[in-house]
1. Which one is farthest from Lys168 (Cα to Cα) among residues in the range 131-145 that are open to solvent by 30 Å² or more (accessible area, probe 1.4 Å) and assigned to a helix (DSSP H, G or I)?
2. Quick check on the range 72-90: of everything there that is assigned to a loop (DSSP other than H, G, I, E, B) and farther than 21 Å from Leu137 by Cβ, which residue is modelled with the highest pLDDT?
3. Filter the range 119-130 down to the residues that are assigned to a helix (DSSP H, G or I) and either open to solvent by 70 Å² or more (accessible area, probe 1.4 Å) or among the polar types (S, T, N, Q) (or both), then identify the one that is farthest from Asp106 (Cα to Cα).
4. Against the condition open to solvent by less than 60 Å² (accessible area, probe 1.4 Å), under 16 Å from Ser116 (Cβ atoms), β-branched (Val, Ile, Thr) and touching a His at 6+ places or on another chain (Cβ under 8 Å), how does Ile69 come out, does it pass?
5. Out of curiosity, is Thr11 assigned to a helix (DSSP H, G or I) and at pLDDT 95 or above?
6. If only one of Ile59, Ile69, Ile109 is at pLDDT below 95, among the aliphatic types (A, V, I, L, M) and either closer than 17 Å to Glu24 by Cα or not in a helix (DSSP H, G or I) (or both), which one is it?
7. Of the numbered conditions (1) more than 23 Å from Ser115 (Cα to Cα); (2) touching a helix residue (DSSP H, G or I) at 6+ places or on another chain (Cβ under 7 Å), Ser61 fails exactly one; give the number of that condition.
8. Can you run down the residue pairs with Cβ atoms below 9 Å, 6 or more apart or on separate chains, where the first is in the range 15-31 and in contact (Cβ under 8 Å) with a residue 60 or more places away in the chain and surrounded by 14 or more Cβ atoms within 10 Å (Cβ to Cβ) and the partner is outside any helix (DSSP H, G or I) and not β-branched (Val, Ile, Thr)?
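The values are calculated or read from the model by the stated rules, or taken from the named source; none is laboratory data. From a predicted model like this one, the values you see are computed outputs, not experimental measurements. Please note: Cβ atoms are built from the backbone with ideal geometry, for glycine as well, and neighbour counts cover all protein chains shown. We work out accessible area using only protein heavy atoms, side chains counted, and drop any ligands, DNA or RNA first. Shrake-Rupley method; radii C 1.70, N 1.55, O 1.52, S 1.80 Å.
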Amino acid sequence: SQVLGLNVLKTISEISEASLCVMECLHQVVTLYGQTFKDACWSLCYDILNDNLSHPNAIRSVFNCARLIGSDYHNTLSPQTLSLHIALLGRLCRGQPSTTQSLQEDLNISLSAISSLWDCADAVVTKQWWPEWRLVLKQLVQSASDGRCEVRNGAVQTVFRMVQVHGKGLGGFG
């Protein structure tokens, strides 16, 4: 029934005028039931979040939902679902070229997403999930070429910090 409900939200989210309402509803669903979600539910959640990145009025809500998942559920996510989370954070860091300027100009979201990627790096190193660690690194390296110097600097500093803090534990990397 969770999958059915999330599929309904996904369908409604395709209507741009409803995107903010859908994001508020998704946030509530994740808050109330996220601890019971399996990969299929999380996959639908990330489909909805990614779809709503194209709606400028919903971007802040997308970030808030991603932040909720990262803070409350990242330790329970499977490697596949955590990869979806990492990829979404990367998009939030860099903005969406096909959307209006609102995401690209929202520096706070981008910098907070970089910080969230650092948290993901910590989690995947602890679990020795090296493919996900490489994905975090890839997202940060891509963000290092962002047009905004604050985002570039934040991404580069985070990459250096990742290597400095986790460098000795990367024997299994590769």
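1. By that ranking, first place goes to Gln142.
2. First pass over the range 72-90, keeping only residues assigned to a loop (DSSP other than H, G, I, E, B): 73-78.
Adding the requirement that they be farther than 21 Å from Leu137 by Cβ leaves 73, 76.
Working: Tyr73: 96, Thr76: 93.
Among those that are assigned to a loop (DSSP other than H, G, I, E, B) and farther than 21 Å from Leu137 by Cβ, it is Tyr73.
3. Only one residue fits best here, namely Thr126.
4. Judged against the criteria, Ile69 is a match.
5. It is false that Thr11 is assigned to a helix (DSSP H, G or I) and at pLDDT 95 or above.
6. On the way: Ile69 fails: at pLDDT below 95; Ile109 fails: either closer than 17 Å to Glu24 by Cα or not in a helix (DSSP H, G or I) (or both).
Criteria check complete, one pass: Ile59.
7. (1)
8. Within 9 Å, no pair qualifies.
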